[in-house]
Amino acid sequence: QRKDITELAQKFLSTIYRTEQRFGQNYVIDVLRGSKVQKVLNNRHEDLSVYGIGKELSKPQWKMIGDRLLELELIQVSGEYGSLVLTSQARSVLKSEESVDIRAVNFNISKKGSSSSKKSRSAPPKYNFDEAIFESLRALRLEIATETEMPAYVIFDNKTLQAMAYFLPNNKDKFLKVNGVGEVKYEKYGEQFLALINTLRADDFQEPIQ
C-alpha cells in the first residue's frame, strides 16, 4: 500500500529552496520542524515562511521523505558539505503537476515518546465530507497554484479543503472559522473559494456545528 506524500514533499522542496540550497538534510529538517538549534537561529531562518511548517512529523519521518526525494531524483547532494539542491524535475512536484508517494508501512512511525492517549487528543478532526466537492476544491486550488506559480499547500492544505468540503461556508464569517483560513488567505483566495462553494452547496444543506 502506498501513501501520497505530495504535500509533504512540497514542504521539503520549498524549505531547500528557501534556505538557498546550501544545507544538508539534517539542517533542512531542523527548519521544517521549527528547531531552535543555534545554527538555524544564527542564519535567521526562523524568519522564513517555511520555518516550523513540518512540526507534525518526526525527524525519522522527514528523513524518509528526504530519502524518497533523493531516490526519485527530485533532489541531489552537492558539494563537499552535502548540500541538498533541487533538480529540474522538482518544479513539476512544486506546481502539483506530479505526485509523490511512499510505502505506507515504512512511513508509519510514531513520534518518540508519544502515547496513544496523547495522539488521540492531538489528532486532527476527521470530516465526513463529500469527495466530489473536495475534488472540486482541489481543482480550484491547482488552478490558482498554476497561475501564481506557488506550491498548492501554500494556498490551503488538504485538511483545510476537507474542512471546507464538510462545513461548506457560504459567507466570509463562516469561511474564517475554518481551521487553516486567516484574514490574509481570505483576502487572497476567499472570494474564489466562496463562489465555488456556493455553486456546490445544495439548497437543503444542513450546516454541521462548527
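Looking at the stretch 175-196, which of the residues that are crowded, with 16+ Cβ neighbours inside 10 Å and free of Cβ contacts under 8 Å to residues at least 40 places away in the same chain is farthest from the chain's Cα centre (by Cα)?
Among residues in the stretch 175-196 that are crowded, with 16+ Cβ neighbours inside 10 Å and free of Cβ contacts under 8 Å to residues at least 40 places away in the same chain, the one farthest from the chain's Cα centre (by Cα) is L194.
Working only within the stretch 15-37, note down all residues that are of a type in the set (S, T, N, Q), at pLDDT 95 or above and not in a loop (DSSP other than H, G, I, E, B).
T15
Scan the stretch 46-56 and tell me whether some residue there is closer than 23 Å to S88 by Cβ and modelled with pLDDT under 95.
Yes, the conditions are met somewhere in the stretch 46-56.
Listed here are the residues, each with its yes/no results for (1) among the charged types (D, E, K, R); (2) out of contact with any strand residue (DSSP E or B) (no Cβ under 9 Å at 6 or more places or on another chain).
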{"position": "Q10", "(1), (2)": "no, yes"}
{"position": "G24", "(1), (2)": "no, no"}
{"position": "K63", "(1), (2)": "yes, yes"}
{"position": "L72", "(1), (2)": "no, yes"}
{"position": "S78", "(1), (2)": "no, no"}
{"position": "G82", "(1), (2)": "no, yes"}
{"position": "A90", "(1), (2)": "no, no"}
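Restricting to the stretch 38-59, name every residue that is part of a loop (DSSP other than H, G, I, E, B) and surrounded by fewer than 16 Cβ atoms within 10 Å (Cβ to Cβ).
Listed by number, the residues that qualify are R44, S49, G52, K55, E56.
Pull out all pairs, ordered by first then second residue, where Cβ-Cβ is under 6 Å, the residues are six or more apart or on different chains, the first lies in the stretch 82-95 and is outside the structural domain of I16 (by TED's automatic domain parsing), and the second is surrounded by fewer than 16 Cβ atoms within 10 Å (Cβ to Cβ) and at pLDDT 95 or above.
The qualifying pairs do not exist here.
To keep it simple, each residue is scored yes or no on (1) within 23 Å of M150 (Cα to Cα); (2) of a type in the set (D, E, K, R).
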site	(1), (2)
T6	yes, no
Q10	yes, no
I16	yes, no
R22	yes, yes
V31	yes, no
S35	no, no
Q38	no, no
L41	no, no
D47	yes, yes
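Cβ-Cβ distance below 7 Å, separation of 6 or more or different chains: which pairs start in the stretch 42-67 with a residue that is farther than 19 Å from V100 by Cβ and end on one that is surrounded by fewer than 19 Cβ atoms within 10 Å (Cβ to Cβ) and not basic (K, R)?
Taking only residues 6 or more apart or on different chains, the pairs are Y51/G34; G52/G34; K55/G34.
The values are calculated or read from the model by the stated rules, or taken from the named source; none is laboratory data. Since the structure is predicted, the reported quantities are computational estimates derived from the model, not experimental observations. Every residue, glycine among them, receives a Cβ derived from its backbone with ideal geometry; neighbour counts consider all protein chains shown.
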